[in-house]
Amino acid sequence: MKDIQELSRGKIPAPETGIEVRKSICTICDPMTQCGLDLYVKDGKIIKVEGSKENPYSMGTLCSKGAAQRQYTYSEDRIKTPLKRTGPRGSGEFEPLSWDEAMVSIAAQFNEVKKRNGPESVVFFSGYTKYFRPYLKRLAHSFGSPNYMTESSTCYQAMAMAQKLTFGLPSGPDIRNANCLLVWSSNPFHTNPGIARAVLKGKERGMKLIVVDPRQTPTTALADIHLPVRPGTDGALALSMANVLIKENLYDRDFVANHSYGFEEYKEYVRGFTPQRGEQLTGVAADNIIEAARMYASVKPAAIMPSASPVVHHTNGVQNYRAVFALVGLTGNYDIFGGNLVVPPSFIHVPGLIPTREHEFIQSRPWSEMAPRVGADRFPVWVEKVDEEAQAMHLPHQIRSGKPYPLKALIGFGMNYRMWPDSRGLLESLNKLDFFVNVDIFMTETCRYADIVLPACTS
């Protein structure tokens, strides 16, 4: 009896304890980081969470969010039933209603807006998580609205757009085969254990590590060179590195001659970004800029690992990253093993080699049969390079102006109004909508302004 009690206290899986391990995945983050979960279950309830060691991506590691699965799955603060607003928006006054009542009400409101103002007046927004996005986009376009949009408007899509403008196709770092890794604005030890493990393995086999980050992090602690750039000056740092590469003839002449356009103009432009001027602009010592440029160019193959968010959260973010990604071509590290490889995605941006018909599924109606997307008039490059969605950052402006057409209703999945640059302005804009629905796990601040709130399940 005592042994069984000790086994139970230790949460040891065994017939005697009634505890078993069930396999699952975490889908809180992007689709590429579905880390494996070992869920210790007793009487149908999770009592312990660990990472699955056999998962090929995470290999037993979990970030703080993944490790907290049990806590938020069983949190008393979770929304457990559809809710209808009874007080003023923002008051937090709601009453329960059934799923049938909620679905009928939402459908009736959306169809009324469609009849009165056109389907484009209804917006479909996705925050976190992301696995459902293909289905949400298909719903939006099948409804007739071009306005499927996501938080990636100020995140991944901006970074990917910078790559498309530079390369034509986005690429990712082949860390496994890289001899030098230039990490730009990322700290995987706090955000992505799978990549952190790859970085550690690279260091063990002698990979050189250069890290651009204004902070001190576990990643910078491993760096051979740490470049603590002043936030928002990433482009100047990249151009100063390019200045060194060209001045010292460290760039790949064959690649530049055969696979680049406008090199002479680029060469003339970066002439003004000496390491000394780079130091003035970025706060990074000129000697460190020179050392980093030499290491990145001479230790081959070399890869650049960007982050989806920090750089492009600045108004000059896309241009900053264009300057960064130009270093890939300048050194001939584009689409080679150990450099920045082009691996076409198979599903929701997940790298793969298996062609799918995902685009045909999610794009159920061609753009030509719908009204212009939100932001199309203000951001023509976005429309040209981002075929997936509308530009969400323009949402509050169009709600307030009603141009080129009014926006009257919105359904959000995990929508967080604080991610917009002018958070208060977005909140005020949401209050101008005729109808607003939000779907979430908890009663967030954004939910408090919704007319109907729907509960979401967890992974």
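Residue by residue through the stretch 430-444, note down the ones that are under 25 Å from the mean Cα position of the chain (by Cα) and surrounded by fewer than 16 Cβ atoms within 10 Å (Cβ to Cβ). Result: 442, single match. Screening residue 383 with (1) within 25 Å of residue 170 (Cα to Cα); (2) open to solvent by less than 10 Å² (accessible area, probe 1.4 Å) gives one miss only, at (2). For the stretch 271-291, the set of residues classified as over 30 Å from the mean Cα position of the chain (by Cα) and of a type in the set (Val, Ile, Thr) consists of 274, 290, listed by residue number.
Remark: pairs (first residue in the stretch 171-186, closer than 13 Å to residue 224 by Cα; second residue open to solvent by less than 20 Å² (accessible area, probe 1.4 Å) and of a type in the set (D, E, K, R); Cβ separation under 8 Å; 6+ apart in sequence or on different chains) = 183/213. When the stretch 359-380 is filtered for residues that are surrounded by 14 or more Cβ atoms within 10 Å (Cβ to Cβ) and either part of a helix (DSSP H, G or I) or basic (Lys, Arg) (or both), the ones remaining, listed by number, are 362, 365, 367, 373. Screening residue 250 with (1) in contact with a Ser or Thr (Cβ under 9 Å, 6 or more places away or on another chain); (2) open to solvent by 50 Å² or more (accessible area, probe 1.4 Å); (3) part of a helix (DSSP H, G or I) gives one miss only, at (3).
Candidates 24, 8: the one that is hydroxyl-bearing (Ser, Thr, Tyr) and under 22 Å from residue 129 (Cα atoms) is 24. Checked against (1) farther than 30 Å from residue 402 by Cα; (2) without any contact (Cβ under 8 Å) to a residue 60 or more places away in the chain, residue 75 passes all but condition (2). Scan the stretch 386-407 for residues that are open to solvent by 60 Å² or more (accessible area, probe 1.4 Å) and either in contact (Cβ under 8 Å) with a residue 60 or more places away in the chain or in a helix (DSSP H, G or I) (or both) and the total you get is 3. If you go through the stretch 445-459 one residue at a time, how many are open to solvent by less than 40 Å² (accessible area, probe 1.4 Å) and either part of a loop (DSSP other than H, G, I, E, B) or acidic (Asp, Glu) (or both)? So the answer is 5.
Do we find a residue being over 30 Å from residue 205 (Cα atoms) and either buried (at least 22 other Cβ atoms within 10 Å of the Cβ) or free of Cβ contacts under 8 Å to residues at least 40 places away in the same chain (or both) anywhere in the stretch 280-287?
Our first condition is that a residue be over 30 Å from residue 205 (Cα atoms); within the stretch 280-287, this holds for 280-283.
Of the ones still in play, those that are also either buried (at least 22 other Cβ atoms within 10 Å of the Cβ) or free of Cβ contacts under 8 Å to residues at least 40 places away in the same chain (or both) are 280, 282.
Yes; the residues of the stretch 280-287 include at least one that is over 30 Å from residue 205 (Cα atoms) and either buried (at least 22 other Cβ atoms within 10 Å of the Cβ) or free of Cβ contacts under 8 Å to residues at least 40 places away in the same chain (or both).
Only one residue in 293, 257 is aliphatic (A, V, I, L, M) and open to solvent by less than 20 Å² (accessible area, probe 1.4 Å), so which one is that? Answer to the selection: 293.
Only a single criterion out of (1) surrounded by 21 or more Cβ atoms within 10 Å (Cβ to Cβ); (2) assigned to a helix (DSSP H, G or I) is not satisfied by residue 427, namely (1).
From the list 169, 209, which residue is within 23 Å of residue 335 (Cβ to Cβ), surrounded by fewer than 22 Cβ atoms within 10 Å (Cβ to Cβ) and touching a Lys or Arg at 6+ places or on another chain (Cβ under 8 Å)? If you could, list the steps in order and put the result at the bottom.
Details: 169 fails: touching a Lys or Arg at 6+ places or on another chain (Cβ under 8 Å).
Being within 23 Å of residue 335 (Cβ to Cβ), surrounded by fewer than 22 Cβ atoms within 10 Å (Cβ to Cβ) and touching a Lys or Arg at 6+ places or on another chain (Cβ under 8 Å) holds for just one of 169, 209, which is 209.
If a residue has to be more than 19 Å from the chain's Cα centre (by Cα), farther than 20 Å from residue 54 by Cα and not small (Gly, Ala, Ser) to count, how many in the stretch 176-211 make the cut? Adding up the residues that qualify gives 13. Name every residue in the stretch 15-24 that is surrounded by 12 or more Cβ atoms within 10 Å (Cβ to Cβ), of a type outside the set (Ser, Thr, Tyr) and within 22 Å of residue 53 (Cα to Cα), in order of residue number. Across the stretch 15-24, the qualifying residues are 19, 20, 21. Here is a list: 331, 315. Which entry is exposed (fewer than 15 other Cβ atoms within 10 Å of the Cβ) and of a type in the set (Val, Ile, Thr)? Only one candidate qualifies: 315. Candidates in the stretch 115-165 are the residues that are of a type in the set (S, T, N, Q), outside any loop (DSSP other than H, G, I, E, B) and crowded, with 22+ Cβ neighbours inside 10 Å; of these, the one that is farthest from the chain's Cα centre (by Cα) is 121.
The values are calculated or read from the model by the stated rules, or taken from the named source; none is laboratory data. All of these numbers come straight from a predicted model, not from anything done at the bench. With ideal geometry, Cβ positions are generated from the backbone for all residues, glycine too; neighbour counts draw on all protein chains shown. Calculation scope for accessible area: heavy atoms of the full protein, side chains included, ligands and nucleic acids excluded. Shrake-Rupley method; radii C 1.70, N 1.55, O 1.52, S 1.80 Å.
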